[in-house]
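> Here it is: the structure, laid out below.
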Amino acid sequence: MGVESFYPLPITHYPKPIKLKLQILGCYAATPRTITNPTSQVLEMKNHLFLIDCGEGTQVQLRKHKIKFSKINHIFISHLHGDHFYGLIGLISTFMLLNRENDLHVYGPKGIKEIILLQLRASGSFTGYNLYFHELESKESEVIFEDETVIVKTIPLNHRVYTNGFHFQEKLGKRHLNIEAVAKYKIEKVYFDKIKSGGNVTLDSGEIITNELLSFPPDAPKSYAFCSDTVYDESIVPLIKNVSVLYHETTFLESEEHLAEKTMHTTAKQAAKIAKLANAKALIMGHYSTRYGSLEPFKTEAETIFTNVILADDGKTIEL
């Protein structure tokens, strides 16, 4: 039986779902190297470009991978360790040099505003655009951004300093027009938005055409959880339950579990346990210690617990 036989219409009539796109700019721990970069990534979701963490070299990586600076309006900083935010002041300054006009929102731990403004004042630099800081200090999950398409919540993490992960969730979108059915019933364009919103259409003859005949269901909402530096902590599982994609730090292999505990980081196997408990659809690993010569052991170790494992690497694009 062919795939198309499962559908009342040819498969080409069904809209293609919009993918989540994640661009890894940097995913290694500690200091930058000529061959690796500290943590930074760009999430494309519902026409947003969210920058998550901003280690040194982030703006160089943005240029290298041809990501438009002007499309980044929201930056999320997990914690105030240098390998996660030392690139922020440089990026903010470059926005100024590029004559940015869009507002820029920065979400991060309390203290980030003072740090950035001190650097700007000391250098006699001031932005020509509105710069808004949303400082975080709650140890409970909270909504920090929301519009008609996306909601972002914090994931309180357990690290050496105040740290949050971030849970990006799509809202349920509108239904998709069944173009063939709309043409069949000669539905005028003025009714298209009503149909996408779930409404029926009454023809001039009085016949009611139900929405199910005129549209397809909306795409299932997708979600992405970014869990930055943290010790193994099962308390985050309810906050990321059934997440589409989980990024979880994996600084060490199991052979260095004693170092993970000491430095409040996670091993590959521990991250896989979190993914399994959360019923995540996929696990992306990153924040590798530079002591290791190969990343494959991280994947091998995690796959003993969880099957759908993806290795992050600098410059890697992941579409899901």
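> When the residues of the range 46-100 are filtered to those that are of a type in the set (Val, Ile, Thr) and within 18 Å of the chain's Cα centre (by Cα), which remaining residue is nearest to LYS222 (Cα to Cα)?
Of all residues in the range 46-100, those of a type in the set (Val, Ile, Thr) come to 52, 58, 60, 67, 72, 75, 77, 89, 92, 94.
Going one step further and asking which of them are within 18 Å of the chain's Cα centre (by Cα), we end up with 52, 58, 67, 72, 75, 77.
Values: ILE52: 17, THR58: 26, ILE67: 22, ILE72: 20, ILE75: 20, ILE77: 22 Å.
Within the range 46-100, the match that is nearest to LYS222 (Cα to Cα) is ILE52.
Let's see how each residue does on (1) of a type in the set (Val, Ile, Thr); (2) open to solvent by 40 Å² or more (accessible area, probe 1.4 Å); (3) at pLDDT below 95:
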| site | (1), (2), (3) |
| --- | --- |
| LEU136 | no, no, no |
| ASP147 | no, no, no |
| GLU170 | no, no, no |
| VAL182 | yes, no, yes |
| TYR185 | no, yes, yes |
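> Look at LYS174 and say whether it is charged (D, E, K, R), in a loop (DSSP other than H, G, I, E, B) and under 28 Å from GLU44 (Cα atoms).
Values: charged (D, E, K, R): yes; in a loop (DSSP other than H, G, I, E, B): yes; under 28 Å from GLU44 (Cα atoms): yes.
Considered against the rule, which asks whether it is charged (D, E, K, R), in a loop (DSSP other than H, G, I, E, B) and under 28 Å from GLU44 (Cα atoms), LYS174 comes out as yes.
> If I go through the range 307-319 residue by residue, how many of them are touching a residue at least 12 places away in the same chain (Cβ under 8 Å), open to solvent by 20 Å² or more (accessible area, probe 1.4 Å) and over 19 Å from SER40 (Cβ atoms)?
Result for the range 307-319: 1.
> Name the strands (runs of 3 or more DSSP E) wholly within the range 39-80 that hold at least 1 residues that are touching a helix residue (DSSP H, G or I) at 6+ places or on another chain (Cβ under 7 Å) and open to solvent by 60 Å² or more (accessible area, probe 1.4 Å)?
Because the criterion is at least 1 residues that are touching a helix residue (DSSP H, G or I) at 6+ places or on another chain (Cβ under 7 Å) and open to solvent by 60 Å² or more (accessible area, probe 1.4 Å), no strands (runs of 3 or more DSSP E) in the range 39-80 meet it.
> Somewhere in the range 293-307, is a residue over 25 Å from GLY82 (Cβ atoms), among the hydrophobic types (A, V, I, L, M, F, W, C) and touching a strand residue (DSSP E or B) at 6+ places or on another chain (Cβ under 8 Å)? Even if it seems obvious, please write down each step before you answer.
Going residue by residue through the range 293-307, those that are over 25 Å from GLY82 (Cβ atoms) are 294, 296-297, 299-307.
Of the ones still in play, those that are also among the hydrophobic types (A, V, I, L, M, F, W, C) are 302, 305-306.
Next, from what is left, pick out any that are touching a strand residue (DSSP E or B) at 6+ places or on another chain (Cβ under 8 Å): 302, 306.
Within the range 293-307 (the criterion being over 25 Å from GLY82 (Cβ atoms), among the hydrophobic types (A, V, I, L, M, F, W, C) and touching a strand residue (DSSP E or B) at 6+ places or on another chain (Cβ under 8 Å)), the answer is yes, since at least one residue qualifies.
> Please specify each residue of the range 90-134 satisfying the condition of being under 25 Å from ARG63 (Cα atoms), in contact with an Asp or Glu (Cβ under 7 Å, 6 or more places away or on another chain), part of a loop (DSSP other than H, G, I, E, B) and open to solvent by 50 Å² or more (accessible area, probe 1.4 Å).
Selection gives ASN130 alone.
> Which ones in the range 197-256 are open to solvent by less than 10 Å² (accessible area, probe 1.4 Å) and more than 21 Å from the chain's Cα centre (by Cα)? If you could, list the steps in order and put the result at the bottom.
Let us first name the residues in the range 197-256 that are open to solvent by less than 10 Å² (accessible area, probe 1.4 Å), namely 201, 209, 211, 214-215, 224-230, 236, 240, 243, 245-251.
Result: VAL201, ILE209, ASN211, LEU214, SER215.
> Pairs needed: first member in the range 138-162, over 18 Å from VAL231 (Cα atoms); second member anywhere, of a type in the set (Asp, Glu) and at pLDDT 95 or above; C-beta distance under 8 Å; at least 6 residues apart or different chains.
Partner pairs satisfying both residue conditions: THR149/GLU170; VAL150/GLU170; VAL152/GLU146; LYS153/GLU142.
The values are calculated or read from the model by the stated rules, or taken from the named source; none is laboratory data. Just so we're clear, the structure is a prediction, and the values are computed from it rather than from any experiment. Here Cβ is always computed from backbone atoms with ideal geometry, including for glycine, and neighbour counts include all displayed protein chains. With ligands, DNA and RNA removed, areas are computed over all heavy atoms of the protein, side chains included. Shrake-Rupley method; radii C 1.70, N 1.55, O 1.52, S 1.80 Å.
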